[in-house]
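Notes for the one structure printed next.
Each reported figure results from applying straightforward, stated rules to the coordinates on display, with no laboratory input. No experiment lies behind these values; they were computed from the predicted model shown. Backbone-built Cβ (ideal geometry, glycine too); neighbour counts: all protein chains shown.
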Amino acid sequence: MKAETDRPRCSWANSAPEYIAYHDDEWGRPLHGEQALFERLSLEAFQSGLSWLIILRKRPGFRAAFDDFDVDVVAGYGDADVARLLADARIVRNRAKVAATITNARAIRANVPEGLDALLWSFAPASGVRPATLADVAATSAESTAMARELKRRGLTFVGPTTAYALMQATGMVDDHVATCWRAGQPATRRFSGP
C-alpha cells in the first residue's frame, strides 16, 4: 500500500501539506449543518482573489475571530466587532468581505426560514460526470448560477456563481475529484457537521 503522501490526487492538492489534508479529509465530502456551511460560505467569499492555501492556513484564526461562525453571534456584530476584525492579523482583513460575512449572517436569520442546509443542498445536482483531468473541472454550473441568484435575492453578498460552485465542490454537492484521484468515487465515510 502506498504511503498517504504518495496517493494519486487531484493535481492542485499536491503542493502543500494543508492542501493534502484538505483534499483527503474534506473537499468533496458531504457537509451538513448551518454552522459548518456558513463557515465554508464565508471562507469561500474571503478566498475570492486569493489563494485557497492562505485561507486554509488562516482558518483557525477565522474560527476564533468569527466565534466559530455561529450565525446568531455573527448576525449580532456591530461597529466594534468590525473594527476588531479589521485589526485581527489572523484573518484576511478586507472590509468588504468582513461586512459581507456579517450581512450574510443577518440575511440567513431573516430570509432563510427553511435553514441554510436545506437551501444550499436544494441546488445540488442529481448526478454529474467525473472530470477526466483538472482542465475538465468547471468554474460554474447552471446550479451554481441558480444558487448565487437565490442567495442574492435573499440578501446575501459575495456569492457569485464561481463562489457558489467552489462551495458546492467543497461541501460535496458536486464531486470534482478527477478520475485518477484516489478519492474519485469514494463514499463519504464521515460527515462533517462542525468546525
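Can you tell me which of 131-137, 156-162, 114-120, 86-92 comes out highest on packing, and rank the rest after it, using the mean Cβ neighbours within 10 Å?
So the peptides 131-137, 156-162, 114-120, 86-92, ranked by packing, come out 156-162, 114-120, 86-92, 131-137.
Taking the Cα centre as origin and putting +1 on Lys and Arg beta-carbons and -1 on Asp and Glu beta-carbons, what dipole magnitude results for the chain, to the nearest 20 debye?
With Lys and Arg at +1 and Asp and Glu at -1, about 320 debye.
Once label points are set 7 Å from the Cα along Cα→Cβ at both Leu134 and Arg153, what is their separation, rounded to one decimal in nm?
3.6 nm
On a full-extension model of 0.36 nm per residue, what is the gain between Ala146 and Ala89, subtracting their alpha-carbon distance, rounded to one decimal in nm?
17.1 nm
Express in nm, to one decimal, how much length is gained between Ala179 and Ala124 on full extension, taking 0.36 nm for each residue of separation and deducting their alpha carbon distance.
Using 0.36 nm per residue and subtracting the Cα-Cα distance, I get 17.8 nm.
Expressed in nm to one decimal, what extension gain is obtained for the pair Thr103 and Ile20 from 0.36 nm per residue of sequence separation less their Cα-Cα distance?
26.7 nm
Apply the Karplus parameterisation 6.51 cos²θ - 1.76 cosθ + 1.60, with θ equal to phi minus 60°, to every residue of region 42-58 and state each ³J(HN,Hα) to the nearest whole Hz, in sequence, with x for glycine and proline.
So the J values, rounded to whole Hz, are 5, 5, 4, 5, 5, 6, 3, x, 10, 6, 5, 4, 4, 5, 4, 5, 9.
Grab the DSSP H runs of the chain that are 4 residues or longer, score each as -39,500 (n - 2.57), total them, divide by all residues and round the 222 nm result to the nearest 500 deg cm²/dmol.
Computed mean residue ellipticity for the chain: -14500 deg cm²/dmol.
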